[in-house]
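Structure first, commentary second.
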Amino acid sequence: MSATPPVRVRIAPSPTGFFHVGNARTAIFNWLFARAHGGAFVWRVEDTDRSRFVAEALDDQRAALDWLGITPDEGPFTGGAFGPYMQSERIDRYRERVDALIAGGKAYRCFCTPERLDEVRRARELGKLKGRYDRHCRNLSADEVAAKRAEGGRHTVRLAMPLAGTRTLDDVLRGEIAFDLAELDDPIILKSDGWPTYHLAVVVDDEAMAITHVLRADEWIPSAPIHLMLYESFGWTPPVYCHVPLVLAPDGKGKLSKRHGGAEVRDYRAAGYLPEALFNYLALLGWAFSGDEEIFTPEQAAARFELGDIKVSPAAWNPDKLLWMNGHYIRSLAPDDLAARLVPFLADAGIEATAAEVLALVPLIQERITTLLEVVPLVDFFWATRITPEVVDLVPNKLAPADVAANLRRTAEALATVVHWTAEELEEELRALSEALGVKAGPLFQPVRVAVTGKKIAPPLFETLALVGKDKVIERLTAAATLLEGGAG
């Protein structure tokens, strides 16, 4: 009895766009399965669609995988024993395989022009005939093929599919799925420009790279009989297939796309989501960790991951749940870790804050943010050279601007006497002032908050005043009072 080969799985996204969260979820399932079985996780780049190739997409894929912590064991930037991992560097291999299929009568050259193919398609649709192509070139003689090639006519190569019978896909999640071959066309496997189609390249590469399991989206199920026929035509054993459900839009209608507001991994990274949170959330889309447990590490997930536990029904994207999960992960970070992650978001907003400065703010904001990006409007006033609050925000209901201005000046005078400038001493001083003025804490403190921060909602007042600093606080209180006095006059 031969030994079971080591698990080898792959992701093979086409670099025609930026890395979609659906691709990321499939990548995570593949990575988890590889880790669960001590196998290899391979990244292959299927870049044979040259008309839609996006150069930046390759770097985006790499950045997304690295950020999510699912760095491939083999790939275009990692290397490996089964390279090259760019399909554009494997063209000769595909053409060799096609020549072998033609020589064995398993494939044939098709000289039909695009115009003829359009006419045939329309005629077959009108006649309600199965398929889009009439197999016109399938039975050309060797002499006819040679003559057409001598004329220099462009041609494709098609796989000669059986005209009848069935082929069955044995899927891990869905069991046996039978396909009626009479319903299928002879698919193009080599384009007229000499480049392979997806169908040919994916089968040749999976075999050459010793892929044992193919985990991919269930939208590829209709392609399965073509792939199975290619394996049969080459005399190869197909891998184990597991078609995972799609990620649906929040309303459950249709595939999640960019129009739903964030469908690419880079969108969530830029919006301040943590990679730990996005990994955790994506792993739960169609798979359950254990009972009601929803928070787990990649290592914990890998220890429990099995293909049979993936749900067949598609999962709808839930932005509220992802936001909740992200907030949970932010609150669980060590303060210095959170500070380090916040610094780049502040820098992008033009705030050159040091990690030490941000670390001092973490106790004020860690429980108040659900994304890293939310830190910017919450703390930008700390670095502002000037605060210009709205008059309407400075004046609480039922108070006159002149009275608020007077209270702000009295507050500035009182705070000028504070020696140690700690949150505790500031609170003691301001509460004493509230009692001395006969003004409730709310109507007194709210104008102070707005004067110092420019916002009605900001981090805790006394801690904020302590960190802003004595000189800046007094300067901003005085400026706000002057603003109100000018408006009142």
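In table form, for the structure just shown:
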{"read-out": "Candidates Glu219, Glu176 - the one that is assigned to a strand (DSSP E or B) and among the acidic types (Asp, Glu)", "value": "Glu176"}
{"read-out": "Segment 59-87, subset at negative phi and free of Cβ contacts under 8 Å to residues at least 12 places away in the same chain, residue surrounded by the fewest Cβ atoms within 10 Å (Cβ to Cβ)", "value": "Ala81"}
{"read-out": "Residues that are of a type outside the set (Val, Ile, Thr) and either in contact with a strand residue (DSSP E or B) (Cβ under 7 Å, 6 or more places away or on another chain) or under 10 Å from Trp43 (Cα atoms) (or both), drawn from segment 63-78", "value": "Leu65, Pro72, Asp73, Glu74, Gly75, Pro76, Phe77"}
{"read-out": "Wholly enclosed helices (runs of 4 or more DSSP H) of segment 235-350 bearing at least 3 residues outside the structural domain of Gln366 (by TED's automatic domain parsing) and under 19 Å from the mean Cα position of the chain (by Cα)", "value": "265-270, 275-284, 319-332"}
{"read-out": "Of the criteria (1) surrounded by 15 or more Cβ atoms within 10 Å (Cβ to Cβ); (2) hydrophobic (A, V, I, L, M, F, W, C); (3) farther than 19 Å from Trp287 by Cβ, which one Val244 fails", "value": "(3)"}
{"read-out": "Gly194 being modelled with pLDDT of 95 or more and not β-branched (Val, Ile, Thr)", "value": "no"}
{"read-out": "Segment 187-210 residues that are closer than 19 Å to Pro238 by Cα, paired with ones that are part of a loop (DSSP other than H, G, I, E, B) and of a type in the set (A, V, I, L, M) (beta carbon under 7 Å, 6 or more apart)", "value": "Val202/Ala12"}
{"read-out": "Conditions (1) assigned to a helix (DSSP H, G or I); (2) modelled with pLDDT under 95; (3) in contact with a helix residue (DSSP H, G or I) (Cβ under 8 Å, 6 or more places away or on another chain); (4) exposed (fewer than 15 other Cβ atoms within 10 Å of the Cβ): number failed by Gly486", "value": "(3)"}
{"read-out": "Given (1) closer than 20 Å to Gly194 by Cα; (2) modelled with pLDDT of 95 or more, index of the condition Pro162 fails", "value": "(1)"}
{"read-out": "Conditions (1) surrounded by fewer than 19 Cβ atoms within 10 Å (Cβ to Cβ); (2) under 11 Å from the mean Cα position of the chain (by Cα): number failed by Thr4", "value": "(2)"}
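The values are calculated or read from the model by the stated rules, or taken from the named source; none is laboratory data. In this text, all values refer to a predicted model and were calculated from it rather than measured experimentally. Every residue, glycine as well, gets a Cβ built from its backbone with ideal geometry; the counts of neighbours run over all protein chains shown.
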